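Please read the structure below before turning to the comments.
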Amino acid sequence: MNIPFSVQTQLGHRTIRKFKNQLLSKETINLLLEVANRTATSNGMQNFSIIIIDDQKIKDAISEIANQTHLKEVPFFALFIVDTYRNYHIALQEGVELEAFKDMDRFIQGFTDASLAAQNMVNAAESLGLGVNYFGSILNDPRKLIEVVGLPKLTMPVVGLGLGYPDQEPMLKPRIPLKNKVFYNSYQKCNNYNEAFKEYDQALSEYYDLRDLTKPIGKFSEQIISKHQNINPVRVKYMQVAKEQGYDLKLD
């Protein structure tokens, strides 16, 4: 099978944490934003927005929230957010106030729209030879992030995206084999996950993250435990913060 270059690029996706000291051109940025803007969206409502952070002080503050020092050096940083504020006020100015803009359905639509737009931008960026880094850690303290970037009610942060010209070539990180995560017609349980994941555990035990080349990252089964033992007490209250931002999430 002759695999198109764009698909080869997607199959070779890596997280880049070190970038060249080279800014993206305005043409490149506008192209990436147009791609994000053309992303499929639920009901055509486009319940998301993008905030470009080019103020170094704000970027530094977000870096502290994310606990990712390399975020400070990212040449281009974009914050993707749920945004039902815009449509709520369009309707309000038409003389109609609807509680539907605050419900769980609209919130999930916005979260999905923002996520899809971010991934579309990633695909386009990598096809242009850029490196990318998702910063889910911006949600370490959503209240603080909301304050730093001045988000109004009926908006919520989703994910940060850093882009630039890569200055490193990390290994391709192994993924769970398709046989262990693709099912047909119904969910397929596994009787012995430890046995089923031996192959994947072995692959990860041979993977070295560029952040620490002295040791592999360890077995997947071990990571599952360690990463779920370190709970961020602020981050797990994300939905509570969403409620504070005006969303009626029907949590009771």
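The values are calculated or read from the model by the stated rules, or taken from the named source; none is laboratory data. On a predicted model such as this, the values are computed, not experimentally measured, just so you know. We place every Cβ from the backbone using ideal geometry, glycine too, and count neighbours over all the protein chains shown.
The table below gives the values:
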quantity: Single match in D141, D83, D105, D113 (criterion: acidic (D, E) and surrounded by fewer than 17 Cβ atoms within 10 Å (Cβ to Cβ)); calculated: D105
quantity: Lone unmet requirement of (1) in contact with a helix residue (DSSP H, G or I) (Cβ under 8 Å, 6 or more places away or on another chain); (2) assigned to a loop (DSSP other than H, G, I, E, B) for N191; calculated: (1)
quantity: Meets criteria (in the same structural domain as E34 (by TED's automatic domain parsing), crowded, with 20+ Cβ neighbours inside 10 Å and touching a strand residue (DSSP E or B) at 6+ places or on another chain (Cβ under 9 Å)) for V149; calculated: no
quantity: Subset of segment 64-80 (residues that are more than 30 Å from D103 (Cα to Cα) and crowded, with 22+ Cβ neighbours inside 10 Å); calculated: L71, V74
quantity: In segment 123-151, residue nearest to the chain's Cα centre (by Cα) [restricted to those that are free of Cβ contacts under 8 Å to residues at least 40 places away in the same chain and not in a loop (DSSP other than H, G, I, E, B)]; calculated: G136
quantity: Residue in segment 86-94 that is free of Cβ contacts under 8 Å to residues at least 60 places away in the same chain and surrounded by 15 or more Cβ atoms within 10 Å (Cβ to Cβ) present; calculated: yes
quantity: N180 within 27 Å of K153 (Cα to Cα), polar (S, T, N, Q) and either assigned by TED's automatic domain parsing to the domain that holds I108 or at pLDDT 85 or above (or both); calculated: no
quantity: Members of segment 36-92 that are out of contact with any Asp or Glu (no Cβ under 8 Å at 6 or more places or on another chain), among the small types (G, A, S) and not in a strand (DSSP E or B); calculated: A36, A40, G44, A61, S63, A66
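Okay, residues lined up against (1) among the small types (G, A, S); (2) within 21 Å of N21 (Cα to Cα); (3) touching a Phe, Trp or Tyr at 6+ places or on another chain (Cβ under 9 Å):
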position: M45; (1), (2), (3): no, no, no
position: L71; (1), (2), (3): no, yes, yes
position: F77; (1), (2), (3): no, yes, yes
position: D83; (1), (2), (3): no, no, yes
position: Y88; (1), (2), (3): no, no, yes
position: V96; (1), (2), (3): no, no, no
position: E99; (1), (2), (3): no, no, no
